[in-house]
Every structure is written in structure tokens, then in C-alpha cells.
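A.B. asks: Before I ask anything, here is the structure I am working with.
Each value in this text was obtained by applying a stated rule to the coordinates, not by laboratory testing. Here the structure is a predicted model, which is why all the values come from computation and not from measurement. Glycine gets a Cβ as well: all are built from the backbone with ideal geometry, and neighbour counts include every protein chain shown.
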Amino acid sequence: MATLREIRKRIGSIKSTQQITKAMKMVAAAKLRKAQENIVALRPYAYRMRDVIGHLTALSEKTSEIPLMQHRPVEQVLIVSVTSDRGLCGGFNSNIIRQTSHRIEEYKEKEVELYAVGRKAQEFFSRRNVPIKQDRINFFNHLAFEHAVQISKDLISYFTSGAYDRIEIVYNEFKSAVQQNVIVEPFLPFVPDPEMAEDKTQVDFIYEPDKETILNVLIPKHLNTQIWRILLESYAAEQGARMTAMENATENAEELVDNLTIYYNRTRQAAITKEIAEIVGGAEALKES
Amino acid sequence: MAAELEIEIVTPFGKTYEKTIVSCTVPGALGQFQVLKDHADMLSAVDIGQVRLQEGDTTEKVLATGGGFCEVKNNKVRLIVESAEFAEAIDVERAKKAKERAEKRLASEEDDVDIVRAKSALLRALNRLKTAQAL
């Protein structure tokens, strides 16, 4: 049985941990709000870009000549695994790592390599002998559009140089503050969203230069946007997951403190009862003698 | 001339500008072009360069823009570009530093220098400086 002092100490330590988890929850909530603002700001740009590319690919008869849209027999696959740099966010990273491992398993007949975004993926897979082509870590704290451009440039150059025939991205989609979904999304070769093919009637447009050249310029920009969106979503999802995890931790701590306090009181009461019993016993013994 | 051309400039960071103006000059991939009222519908790729907006008879605004595209449809211009900064908001010191960095990278003999990236960084920095001085 623990002594009173020990129990008191434990209660104290749990309470200070609780304060930390509470603070982390608050910080995550503030960061989440900021990430959400960024996602909202990106939308008009992303939608216009998507619509125009849909419009152009629907009208162009020569999409097979566009390097980024070329489908080759799949020999080498690159999987981009988007995790976070920091832990303490519940199942956020383990879900991604599990899904990434599934994909690697699925492509085991081919050559698979990994592109690790976020420290957690890099740490996990480098210990398990998964070939990591490249990693991008420790940047989520100061996430900027340039990071997205850099990643997208890497991926585009891998694809056009023929190093990989297919590139997939595994990331957490931001549903709401309490819900994240793991998504596996093909990145290259580029396939226009079927919904994007809008009205084909707009044929009297002037295209400057021709449609294919515009597409060759715009598709990389669209891919930049996609990566930027994925990074923002993943970051928002991470903060959401951390918020939930820290909320739960704070509640758990509360419960622990309650139970320990009851236990502490009981122990104290027992000690007092024991003392009284001893005194009474001692007094009785004295009386008899 | 009256202001009768709607324009909207959109970047990944939100809408930068939305107004009805007289005309605008855009750095198209095939050269600079000007859009006035009743311009034919068109879609053009846009290079890194300067966009000039004529807001009224005497007022003009200049922006440094990144690459993207420009759509003209029914007297509405949509400029979708990766960046857009008003000349007066450009941080000249920062642009100068970026220019120096890019030049250093291009001049270095190391193999791992990404020439394409350094070149486009240099172009962007030069464009900012040029725009800031165009005021």
C-alpha cells in the first residue's frame, strides 16, 4: 500500500501533466484555426485552376503528347507518405504509416520507394529498410507555399526523367476538427477529374499559345496547388487530431486525479482509524494492569 | 474612358484584387497584351512579369505577378497566378537578398545546384525589384 506522501506526490504530478495537455490542446486549436483559414483562402484559386485544366483537356485532342499525362507500364512506384513532424496526436501518424505499408505490400512485385514528408514517416521507415528516395522534414512549423513547390518539383522531375512510372500520395484529409480520413491519391501521371470536363461548347475562345502549351505550363502549377492543399489539409488534420488527443488526455487525468483523491482519503481515514484503535487498545491494556 | 472591365486577381493565398477598371496590361506567354472593354474571349498563359491596372483616367497600379493564366470572358478578366504583389508593398531589401542568393547559387560550381530553380528564383527577384522601381 502506498503511503500518503506517495499518493500526494502522484496527484501533484498528474495535475501538472494535465496542465500541459490542456495548454497543448489550446495551442492546437489556435493552429487549427489558422490552417483552416489557409485552406479557405486557397479554394478560389484551386477551383479556377481545376476548371480551366478540365476545360482544356476536354477540348484538346493531343493530351497524349503532354508528358505529365503519359501512362507508362508501371515498373517503379514512388509512394509519398505525409505525416507530421511531431507526435502526441493520437492515431494520426500510425494510420498513415499503416496505409503506406499496405501500399508498399501491394506493389511488392514492382520496385517501390518512399518519399517521406514529415519526420514521423522518415523515422519509422528508415528503421525498417524501406528505401527512402528523399525526405522533407521539420518544416511544418513554418509551412510555406515554397515547400509545396519544392516537393512538387521533385515529384515532377522524377516522373519526367522516367525514374518512376507512378506516384501516389498517402495523407490525412481534414474532415472536421474531430475527424481525419486517410486518403490514397494518385498524383502522377496526371488524370483530369472527370467532373472537371465542363461545357465543350466554348470553342470560339482564343488560346494563346495553343491548348497543349498552356496545359504544359498549367499542369505543374496545378500540381503545386495540389501538394499545397495536401500539406495544408494534413497540417489541419494533425492539429485536429492533437486537439482531440489532448482533450482525452486532460479528461483521463481528471479521472485519475478523482480516483486517487478518493484513494488518498480512504488511506488517510484508515490510518486514523488504525491509530484510534491502537490508542484504545493501549488504554484498555493499561486499565487491566 | 469609363471603367467597364471587371477584373479579379486570385492567388493561392486568396483574392488579391477585385474591381471594375478601364484596362489592364498582362505579361502573356507570347508577349505583353492589353485588355480593354469588349475584348474577344481568350485564355492565355501568363509569365512572371508586371500587370498594370488602369483604374481610372489617371490612376494606375502595378503588380509583380508569378506565373499562371488569364481568362477573358464577357468583359470579365480573371487572373489566376501563383503570386501577386502591389509595387508599393514589395520589400526591396528582401528581393535584393533573394537576388544575391540566386546569383550565388548559379555561380557556384557545385553539382547539386538546381539550375532551373535558381534561375526562376532570380527571375522572380528581378521582377520584384523592377516592379518596385517602376513606381
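A.B. asks: With an 8 Å Cα cut-off and a minimum separation of 6 or more residues, compute the relative contact order for chain B in percent.
C.D. replies: 22 percent.
A.B. asks: Let me make sure I get this right: for the range B:76-135, a, b and c are the square roots of the gyration tensor eigenvalues over alpha carbons, sorted descending. Under 1.5 in a/c it's rounded, otherwise prolate if a/b > b/c, else oblate. Which is it?
C.D. replies: Numbers: a/c = 3.63, a/b = 1.67, b/c = 2.17.
In terms of gyration-tensor shape, oblate.
A.B. asks: Net charge around residue A:184, counting only other residues with Cβ within less than 11 Å of its Cβ (Lys, Arg = +1; Asp, Glu = -1)?
C.D. replies: Working: positive: A:103; negative: A:106, A:168, A:173, A:185.
Taking every Cβ under 11 Å from that of residue A:184, the sum is -3.
A.B. asks: To continue, here is another question. Kindly identify the range A:24-244 as rounded, prolate or oblate by the Cα gyration tensor criterion: order the square roots of the eigenvalues as a ≥ b ≥ c, call it rounded if a/c is under 1.5, otherwise compare a/b with b/c, prolate if a/b is larger, else oblate.
C.D. replies: oblate
A.B. asks: Hey, how many Å between the Cα centroid of the range A:136-154 and the Cα centroid of the range A:7-29?
C.D. replies: Centre-to-centre (Cα) distance: 33 Å.
A.B. asks: Compute the longest continuous run of chain B that contains no exposed GluC sites (Glu not before Pro); treat a site as exposed when its DSSP state is not H, G, I, E or B and it has at most 14 other Cβ atoms within 10 Å.
C.D. replies: B:5-108
A.B. asks: Mind checking the angle between helix B:115-133 and chain B's longest principal axis? C-alpha axes, 0 to 90 degrees, to the nearest 10.
C.D. replies: 50
A.B. asks: Which of rounded, prolate or oblate describes the range A:21-133 when judged by the alpha-carbon gyration tensor and an a/c cut-off of 1.5?
C.D. replies: Numbers: a/c = 3.62, a/b = 1.19, b/c = 3.03.
Oblate.
A.B. asks: Let me ask something additional. Would you look at the GNM of chain A, springs on alpha carbons closer than 10 Å, and say which of A:120, A:175, A:108 moves the most?
C.D. replies: A:108
A.B. asks: Only loop residues by DSSP count here, and only those with at most 15 other Cβ atoms within 10 Å; note down the GluC sites (Glu not before Pro) in the range A:1-96 that meet that.
C.D. replies: Qualifying residues, ordered by number: A:61, A:75.
A.B. asks: Okay, moving on. Below 8 Å between Cα atoms, with a sequence gap of 6+, how large is the relative contact order for chain A in percent?
C.D. replies: Once normalised by length, the contact order is 32 percent.
A.B. asks: Order these by the 10 Å Cβ neighbour count, fewest first: A:31, B:130.
C.D. replies: Ordered from fewest to most neighbouring Cβ atoms within 10 Å, A:31, B:130 come out as B:130, A:31.
A.B. asks: How large is ³J(HN,Hα) for each residue in the range B:88-95, as worked out from phi by the Karplus curve 6.51 cos²θ - 1.76 cosθ + 1.60 (θ = phi - 60°), to whole Hz, x for Gly and Pro?
C.D. replies: Along the range B:88-95, the couplings run 6, 9, 6, 7, 4, 4, 5, 5 Hz.
A.B. asks: Compute the separation of the alpha-carbon centres of the range B:40-85 and the range A:179-193 and state it in Å as a whole number.
C.D. replies: 31
A.B. asks: Next question. Run the simple label-point estimate for residue A:62 and residue A:33 please: 7 Å along Cα→C-beta, distance reported in nm.
C.D. replies: Simple spin-label model gives 5.2 nm for this pair.
A.B. asks: Follow-up. Treat each spin label as a single point 7 Å out from the Cα along the C-beta direction, and report the residue A:16 to residue B:30 distance in nm.
C.D. replies: According to this spin-label approximation, the distance is 7.2 nm.
A.B. asks: Which whole-angstrom value gives the distance between the alpha carbon centres of the range A:85-100 and the range A:55-73?
C.D. replies: So the separation of the two Cα centres works out to 36 Å.
A.B. asks: Check the straight Cα-Cα distances from residue B:130 and name the lysines below 18 Å, setting aside those fewer than 8 residues away within the same chain.
C.D. replies: In chain and number order, the partners are B:61, B:96, B:97, B:99, B:119.
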